[in-house]
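Notes to accompany the following structure.
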Amino acid sequence: MKSPRFLVALAAALAVFTAGPARANQINTGGAGGAYDASFCPALASQLKLAQFDYRCTPSSGTRENMERVLANPRQLGYGQLDVFVLESRQMKAESALTLIRQDDVRECVFAVTRNKQITNFGELSAYADKLRFILPPAHSGSAGTFQFLRSIDSEGLGKAKSVTNAATAEDAIREALSADDTVSLFVQFADPDNARFDLVRKLGGHLVPVIDRNILRQEIGARKIYFAQETQVENAQWIKSARKLVTACTPLVVFTGQPDRVEGEQARKDHADLIRTVSALKSGSLLPEESLFRRLVKRTRELSATSTEKLLEVTEQAREKAKPYTEKAMDAAKETAEQAKQAAERATEAARPYIDKTKEAAQKAYEDALKAAKDLMDKSKSESAPKKN
């Protein structure tokens, strides 16, 4: 009969053996039931199974957590937004540890929302950023990550935003942003006109602002464009009007994993390199669910030509330049007000100086009188207490 100690050790070894592959062979997605987890990942896992790779979909809080998991176990796969992947790679100093192995035509698009009718494009939004209050989805969301990436590349615009807070949900962020004229929200979304967020914006009297300019479209990583100018449908056609479309920047959905040289064991490294080749070689169509919403979105979302993009960028740049005189005038006015306040304080001090001097003189005289009175009392006390001569 085996000893209890042996049985415990055997059970522990079996637990490690059975749990190991499950931890290693997983595809990290996003929120449970979300697009990454419920639509894209099952299609990828199915294709990998055909190639004799057994991977399972595992929910997460988003791109950053997926990256953390892959850094901890380089054989795992992860989904993410390309812009957030780039931002987090720099912050985590993980550029050399992770590798992008898949980037298709499925992209999430960036939208700002406000009720302020004077803000209609990114040029105006950027120019007035220091005077606006930005209310974003939760801090760990892809939308919040996109906003931080845009701030990092727009130091003279969004980088000057002073008021940035996070709501509990994207829907709460939209509601709060549409409660005042100086508030704005920003979210990243697949351009589905039936999405409840677009409907919420319409019902609350807000409007969508395209987030796109020349600097945004210029961003790259390893010769990969981070943003693309795309014409997106944000409202369905009705019997009295056509479908509403909007041109904004969209960032690709990517799949990443760890670099092969970070995998321990020669055979494991070879298997991982084979996995990377397999995922990279898959046809784009095989990674979309049959007859899915995303197939329809890809078909009706159009990437703009260079000519159309240039016209749009010119409008954005003109808006930014047009807003400059107002922002500069406001800054000059603020400086002038501060200078006037300083001068007024100096004049008030000068006007009060005679009274201050008189007060000082009176205080000094009172102090001297008190000293003299104390001295007189002490002298009188001494004379009275001195012994009398007979």
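Descriptive notes on the structure:
- Candidate set: region 59-111, residues that are among the basic types (Lys, Arg) and assigned to a loop (DSSP other than H, G, I, E, B); chosen: the one surrounded by the fewest Cβ atoms within 10 Å (Cβ to Cβ): LYS93
- Remark: SER46 falls outside the filter, which requires a residue to be more than 23 Å from the chain's Cα centre (by Cα), modelled with pLDDT under 95 and surrounded by fewer than 21 Cβ atoms within 10 Å (Cβ to Cβ).
- Of all residues making up region 253-278, the number that are in contact with a Leu (Cβ under 7 Å, 6 or more places away or on another chain) and either at pLDDT below 95 or among the aliphatic types (A, V, I, L, M) (or both): 2
- ILE221 passes every criterion in (1) touching a residue at least 60 places away in the same chain (Cβ under 8 Å); (2) surrounded by fewer than 22 Cβ atoms within 10 Å (Cβ to Cβ); (3) over 30 Å from LEU100 (Cα atoms); (4) of a type in the set (Val, Ile, Thr) apart from (3).
- Restricting attention to region 117-129, the residues that are free of Cβ contacts under 8 Å to residues at least 60 places away in the same chain and assigned to a helix (DSSP H, G or I) total 1.
- When GLY123 is tested against (1) surrounded by fewer than 18 Cβ atoms within 10 Å (Cβ to Cβ); (2) modelled with pLDDT under 95, exactly one condition is not met: (1).
- Scanning region 177-207 for residues that are more than 22 Å from the chain's Cα centre (by Cα) and of a type in the set (A, V, I, L, M, F, W, C) gives a single hit, LEU204.
- Only a single item in (1) modelled with pLDDT of 90 or more; (2) more than 23 Å from the chain's Cα centre (by Cα); (3) surrounded by 16 or more Cβ atoms within 10 Å (Cβ to Cβ) is not met by PHE228, and it is number (2).
- Filter pass, LEU186 being part of a strand (DSSP E or B), hydrophobic (A, V, I, L, M, F, W, C) and over 23 Å from THR232 (Cβ atoms): no
- Scanning region 191-218 for residues that are within 23 Å of SER152 (Cα to Cα) and either crowded, with 19+ Cβ neighbours inside 10 Å or not hydrophobic (A, V, I, L, M, F, W, C) (or both) gives LEU208, VAL209, PRO210, VAL211, ILE212, ASP213, ARG214, ASN215, ILE216, ARG218.
- Checking each residue of region 165-176 against the condition of being out of contact with any His (no Cβ under 8 Å at 6 or more places or on another chain), farther than 26 Å from GLU317 by Cα and among the hydroxyl-bearing types (Ser, Thr, Tyr) gives at least one match.
- Selection count where residues are modelled with pLDDT of 90 or more and over 28 Å from THR99 (Cα atoms), scope region 187-212: 15
- Taking every residue in region 192-215 that is touching a residue at least 12 places away in the same chain (Cβ under 8 Å) and outside any loop (DSSP other than H, G, I, E, B) and pairing it with any residue that is surrounded by 13 or more Cβ atoms within 10 Å (Cβ to Cβ) and among the hydroxyl-bearing types (Ser, Thr, Tyr), at least 6 positions away or on another chain, the pairs with Cβ-Cβ distances below 6 Å are PRO210/THR248.
- Here GLU108 qualifies as under 19 Å from the mean Cα position of the chain (by Cα) and closer than 20 Å to PHE190 by Cβ.
- Looking only at region 143-166, and only at residues there that are in a loop (DSSP other than H, G, I, E, B) and under 15 Å from ALA112 (Cα atoms), the one that is nearest to the chain's Cα centre (by Cα): ALA161
The values are calculated or read from the model by the stated rules, or taken from the named source; none is laboratory data. In this text the structure is predicted, and so the values were computed from the model without any measurement. Every residue, glycine as well, gets a Cβ built from its backbone with ideal geometry; the counts of neighbours run over all protein chains shown.
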